[in-house]
Amino acid sequence: MPWTDEGRKTAVQARVKVRIEAQREHDERVLPHLELAARLGLKGNRLVEFLEVNGVPPPGGVRGQWSRQAVRRISRRLGLR
């Protein structure tokens, strides 16, 4: 069955919705770790190391890797910065 423009649009919207929901769930799992790190006064590379040492899954899952930019983005989405 050939795709219509409306079918493509619906499929893309569905994928985006799933990706946003997964991102929100990940952010919520990371929030307690970021709050603890803030109480400990960790920033920058120390914060990244803290997340890695404590086995907090990075945004990209198993393939991903924590970076300062990833922490900034999540913190911004959560309203922590």
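The values are calculated or read from the model by the stated rules, or taken from the named source; none is laboratory data. These numbers were taken from a predicted model, which means no experiment stands behind them. Cβ coordinates were reconstructed from backbone atoms using ideal geometry, including for glycine residues, and neighbour counts include every protein chain displayed. Surface areas here come from the heavy atoms of the whole protein model, side chains and all, with no ligands, DNA or RNA. Shrake-Rupley method; radii C 1.70, N 1.55, O 1.52, S 1.80 Å.
Accessible area of the chain with a 1.4 Å probe: how many percent of it is carbon plus sulfur? Spell out each step's value before the answer.
Numbers: 3440 of 6330 Å².
For the chain, the apolar C and S fraction of the accessible surface comes to 54 percent.
Where nothing but the Cβ of Lys and Arg (+1) and of Asp and Glu (-1) is charged, how large is the charge dipole of the stretch 11-81 around its Cα centre, in debye to the nearest 20? In debye, rounded to 20, the stretch 11-81 gives about 340. On full extension, the segment bounded by K43 and T4 gains 9.2 nm, given 0.36 nm per residue less the C-alpha separation. Per residue, the accessible area of the chain comes to 78 Å² when a 1.4 Å probe rolls over the protein heavy atoms.
Remark: the chain is approximated by an ellipsoid whose semi-axes, taken from the C-alpha gyration tensor as √(5λ), come to 33, 12, 9 Å, largest first.
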